[in-house]
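These notes are about the structure you will find just below.
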Amino acid sequence: MSTDHRTDLGEVLRALAFAARKHRDQRRKDREASPYINHPIDLANILANEAHVEDRRVLVAAILHDTVEDTDTTLEEITAEFGAEVSALVAEVTDDKRLPKDVRKLQQEQHAPGASFRAQQVKLADKIANLRDLVRSPPATWDEARRRAYFEWSKRVIDGVRGRHPVLEALFDAAYQGRP
């Protein structure tokens, strides 16, 4: 975080509160139907405590990364609350849900190599969290083949960003070892 740690921490906590409000009625697809907010918290935890990322914009964007994609939140709202830099970062990692799933997945593979360093960090943390969740508590309706396919697709996305994030890449590789 920057030299003003209180300001940075305050913004991270504001983002957590914002994301908790936006995701309040959402549940994960795991058997326990855990609260969705656990996922953005997990990303921030991976970035801050495992990868030692201190860039508040990355941490805030990680917390907000699914708000536009999965709630009624707009990028304009993110800009008003957290500034243009955070909003642009959230936009970089947001899928267009109007597109078919296979198109969105292909776009992630194509977009990741050219994404900003910050967006790549968020993307890596997202894939790490998702792979860990698939090992710990997979969606009730996902069979082994579907879980394996997700692991392989995630690897293709992350292979496109290799060489810039050694710690996050090592964390991804460790999570990938749990593939079915």
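Laboratory data are not the source of any read-out in this text; all were calculated from the coordinates shown. Worth saying up front: this structure is predicted, and the values here are computed from it rather than measured. Here the Cβ is made from the backbone with ideal geometry for all residues, glycine too, and neighbour counts use every protein chain on show.
Summed over region 32-58, residues that are in contact with a strand residue (DSSP E or B) (Cβ under 8 Å, 6 or more places away or on another chain) and not polar (S, T, N, Q) total 3. Scanning region 113-130 for residues that are among the hydrophobic types (A, V, I, L, M, F, W, C) and in a helix (DSSP H, G or I) returns PHE117, ALA119, VAL122, LEU124, ALA125, ILE128, ALA129. Answer with yes or no whether ALA80 is part of a helix (DSSP H, G or I) and closer than 24 Å to GLY163 by Cα. So ALA80 does not fit the description; no.
Taking region 13-51 as the search range and keeping residues that are more than 28 Å from ALA140 (Cα to Cα) and out of contact with any helix residue (DSSP H, G or I) (no Cβ under 7 Å at 6 or more places or on another chain), which one is surrounded by the most Cβ atoms within 10 Å (Cβ to Cβ)? Among them, the one singled out is ARG14. Residue-level analysis places ASP133 outside the set of residues that are more than 14 Å from GLY160 (Cβ to Cβ), free of Cβ contacts under 8 Å to residues at least 60 places away in the same chain and in a helix (DSSP H, G or I). What do you reckon, is ASP42 in a loop (DSSP other than H, G, I, E, B) and either among the aliphatic types (A, V, I, L, M) or at negative phi (or both)? It is false that ASP42 is in a loop (DSSP other than H, G, I, E, B) and either among the aliphatic types (A, V, I, L, M) or at negative phi (or both). Criterion applied to GLY114, GLY10 was being surrounded by fewer than 16 Cβ atoms within 10 Å (Cβ to Cβ) and under 24 Å from ASP173 (Cα atoms), and the one residue passing it is GLY114.
Do you know which of the residues in region 100-118 that are without any contact (Cβ under 8 Å) to a residue 40 or more places away in the chain and among the aliphatic types (A, V, I, L, M) is nearest to ASP42 (Cα to Cα)? It comes out as LEU106.
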